[in-house]
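Okay, structure first, notes after.
The values are calculated or read from the model by the stated rules, or taken from the named source; none is laboratory data. Values in this document were obtained by computation on a predicted structure and should not be read as measured data. A quick note on method: Cβ atoms are made from the backbone with ideal geometry, for glycine too, and the neighbour counts reach across all protein chains shown.
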Amino acid sequence: MKNEKFIEQKNKSLTQFFESPDDYEGHFGWVCGYSADDSFMDLAVERFTGANRGQRALAGQIKLGLLLDQTNQPLKISNMPGVMHFLVKNSLPKYKLMHAKVAILGFRSLVAKNDWKIRLLVSTGNWTKQTLEQSLDLIWQIEINQNDLVSKDKDKIQGAADIKAAWDFMSDLLENYNLEALSPLISSNLSIDLMKWLELTSKAAKGKPRFIDNRKKSFFNQLGNHISSFDCAVSRNFLAIGSGFFEETIKKYFTETVVSQIEYSLKENGLLTKTPYKVIYVNPLACQSIAQLRKEIEENNYKIHPAYINPNIYGENTQRTLHAKFIFSAKYSTKTDKYSHGWLYLGSGNITNPGFMNTAASKKGNLEAGVIFETGDIWGNHDDKSPKYESINYVLPIHRTGKEPNHENIDLIEGKGFEDSDKCYAASEISYVIWNDESEPVELYVSDSEKKFLTNYCLFNGDKECKRSRNGFIWESEKPREVLIKWKIDTRNYEVFIPVIGEDGRIAGAKLPQLTPEEAELQLLSFPNFLDDEALPVHQDGEEDEQDTLSEIIANNDLSRTSQKKSISSYQVRQMMSLIEKIAVQQTQMAEQNWTLWCNRLAQTLIQMKSTCCVLYFKESLKINPLSALYREEFKPDFANNGNEYADKYIAAIKKIESEWGVGKLTNLDIGEVL
């Protein structure tokens with residue numbers, strides 16, 4: 001990636017990298033990391049979808065799938081609607097740590113029917129509020145869209161190769177997690193769409209990817225090969241290494257450290273001059289072996305500096321802790337003050353044995369991901385000919401070469417090394433329950449594929465254990481969004497909150513409010529977005545309240561005379577006919593991939609207005625089924641008129657509304673007769 005692409009994101013916070021491009025909307029994405037918190041993920045999914053928390057809670061869709069190291073306490077979907085934290089299938093760790101920090105985000109076009117865009121993010125920081133507010137981290141991004149797959153542009157072809165490598169990594173990682181909670185949902189269609197786009201991208205990919213992981217080879221063993229492919233004839237004279245963690249203080253000699261081995265390897269491969277300018281960037285309050293071996297490191301002509309916190313980016317006197325992991329090398333000219341033929345490693349792997357020297361393994365190596373790429377020319381300083389955002393300390397947390405402050409007397413503290421956690425969380429074999437209020441008593445039932453596990457699990461309503469039923473568990477309270485389930489493996493106790501799925505397919509969906517016909521219309525016209533209470537119109541004093549019954553409206557307004565009754569009845573008919581017409585227009589233009597979601601949204605929305613006087617007028621006074629008009633062929637898209645699965649889903653949705661409205665057995669609508 002060329003330098004201007006690398007540096008243009010200079011002032012963004014980490015959550016802003018989740019924002020949809022212009023004329024696109026967030027469709028579905030996978031995010032993996034060592035850790036995350038619900039406050040960060042709630043902000044990220046809001047950026048991704050453009051929907052606030054209330055809208056996402058009502059929609060009940062999964063837009064981001066989150067995969068974390070199994071030492072992380074499970075995050076509740078109710079605290080970050082639209083994000084599902086999937087857990088590992090068992091408690092036996094496959095790696096020392098799942099430490100990679102990668103996001104693959106899919107966006108669907110709002111203007112072109114079948115167009116899409118994929119964004120790949122590789123971060124050095126975790127998906128946490130701490131990263132936003134306290135850490136000093138780096139991120140790398142690329143995007144490609146559907147048209148790029150047939151492009152001859154070198155950057156686009158390279159981007160496809162990077163995304164292919166990242167998807168190979170992510171799809172392998174997904175196999176370790178229990179994803180069953182996604183399978184029965186509308187959200188599964190979203191993830192399948194992304195998978196199809198990724199498969200198309202993978203077929204178009206050519207060349208060597210810049211994305212790397214350590215499943216088969218350590219980062220150390222991949223470094224030289226990648227750099228040689230950039231420009232094998234150039235030996236660089238500048239080397240900067242930064243890390244949030246270095247090796248713990250167990251090495252007796254500097255030559256045994258990872259930093260020394262990296263330098264030696266670069267020189268052996270002709271990629272670094274014999275006497276380069278060398279700098280190590282640290283967190284001075286916790287730099288492990290760098291503090292212990294400081295004297296020997298400085299005798300080997302290394303300078304040691306705290307990371308540079310650019311006040312033009314972070315503000316004056318801002319304190320940030322270096323967490324970024326990077327290696328930057330270039331050919332530096334004091335005459336031009338320019339870094340040319342540069343390359344950069346950034347990623348999740350710290351400059352340690354588990355992070356950089358080892359392959360992923362349960363005892364010795366973390367699972368890591370990163371990128372190694374050419375930076376192009378970077379300036380040491382900026383002037384009228386070189387914009388400031390192309391200068392070194394806007395791109396990386398390092399000082400200009402030869403212009404560093406004097407840090408000779410700065411205290412370096414070993415601090416604590418990485419502390420392993422003895423906590424370990426695993427997924428329940430019962431990954432979700434389904435709400436069934438038509439049974440007596442009310443039941444939270446388990447999917448057919450997971451019923452065999454029932455006897456091993458206990459479900460709780462607060463502190464009270466729920467009784468088992470034939471198909472799941474008996475529930476004696478209002479419908480929950482998620483429930484606590486507990487189980488035991490050997491002598492170890494486990495518990496986790498699992499989502500409740502409504503019969504409308506919404507996962508952990510908030511309680512739906514009653515809607516007026518106008519609100520229902522707005523809700524359907526906003527599809528696939530979801531309006532919450534704040535986005536719906538507010539009734540002013542004196543306006544008709546659609547939650548009243550028809551008889552109350554007549555009584556309260558003294559509408560006993562025939563002409564007045566006719567006036568209000570005409571209003572109810574016009575409301576209903578307008579709604580039916582707009583539904584027909586909306587759904588005849590619907591794309592196939594959105595049809596299942598539309599059928600669910602249609603049923604869900606119209607059921608929310610079942611108590612309005614508009615519906616009651618047709619049911620109690622006219623005794624006519626207004627929904628019968630929606631069976632007409634001209635009111636449906638062609639693909640849903642052939643007795644296929646699309647038609648079946650639609651008919652099931654209309655019949656469900658008819659049942660809730662109580663109009664299924666009434667006379668079919670004849671517009672001329674009604675009017």
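Please go through the range 60-102 and pick out each residue that is more than 24 Å from Ile118 (Cβ to Cβ) and of a type in the set (A, V, I, L, M). Scanning the range 60-102 gives Leu75, Ile77, Leu87, Val88, Leu92, Leu97. What number of residues within the range 360-387 satisfy the criterion of being outside any strand (DSSP E or B) and more than 20 Å from Lys208 (Cα to Cα)? Number of matching residues: 11. Of the set (1) buried (at least 18 other Cβ atoms within 10 Å of the Cβ); (2) modelled with pLDDT of 95 or more, all apply to Lys217 but (1). Considering only the range 643-664, I want to know if a residue exists there that is over 17 Å from Glu521 (Cα atoms), surrounded by 13 or more Cβ atoms within 10 Å (Cβ to Cβ) and touching a Gly at 6+ places or on another chain (Cβ under 6 Å). Yes, the range 643-664 contains a residue that is over 17 Å from Glu521 (Cα atoms), surrounded by 13 or more Cβ atoms within 10 Å (Cβ to Cβ) and touching a Gly at 6+ places or on another chain (Cβ under 6 Å). Applying a threshold of 6 Å to beta carbon distances and a minimum spacing of six or more residues, or different chains, the list of pairs starting in the range 472-492 at a residue that is in contact (Cβ under 8 Å) with a residue 60 or more places away in the chain and not assigned by TED's automatic domain parsing to the domain that holds Leu58 and ending at one that is hydroxyl-bearing (Ser, Thr, Tyr) and surrounded by fewer than 20 Cβ atoms within 10 Å (Cβ to Cβ) reads Arg481/Ser78; Glu482/Ser78.
With respect to the conditions (1) surrounded by 22 or more Cβ atoms within 10 Å (Cβ to Cβ); (2) part of a helix (DSSP H, G or I), Ile580 lacks only one, and its number is (1). The set of residues in the range 352-369 being within 13 Å of Ser243 (Cβ to Cβ) and β-branched (Val, Ile, Thr) consists of Thr352 alone.
Out of all the residues in the range 157-176, which are more than 17 Å from Leu68 (Cβ to Cβ) and buried (at least 19 other Cβ atoms within 10 Å of the Cβ)? Across the range 157-176, the qualifying residues are Gln158, Gly159, Ala160, Ala161, Asp162, Ile163, Lys164, Ala165, Ala166, Trp167.
When the strands (runs of 3 or more DSSP E) confined to the range 232-329 are screened for residues that are modelled with pLDDT of 95 or more and small (Gly, Ala, Ser), those reaching at least 2 such residues are found at 236-242. The test for being farther than 23 Å from Glu408 by Cβ and either among the β-branched types (Val, Ile, Thr) or buried (at least 21 other Cβ atoms within 10 Å of the Cβ) (or both) does not hold for Thr321. Taken over the range 200-214, residues that are at pLDDT 95 or above, closer than 14 Å to Ala165 by Cβ and not hydroxyl-bearing (Ser, Thr, Tyr) amount to 6. Please work out if Arg470 is at pLDDT below 85 and among the basic types (Lys, Arg). Spelling it out, it is not the case that Arg470 is at pLDDT below 85 and among the basic types (Lys, Arg).
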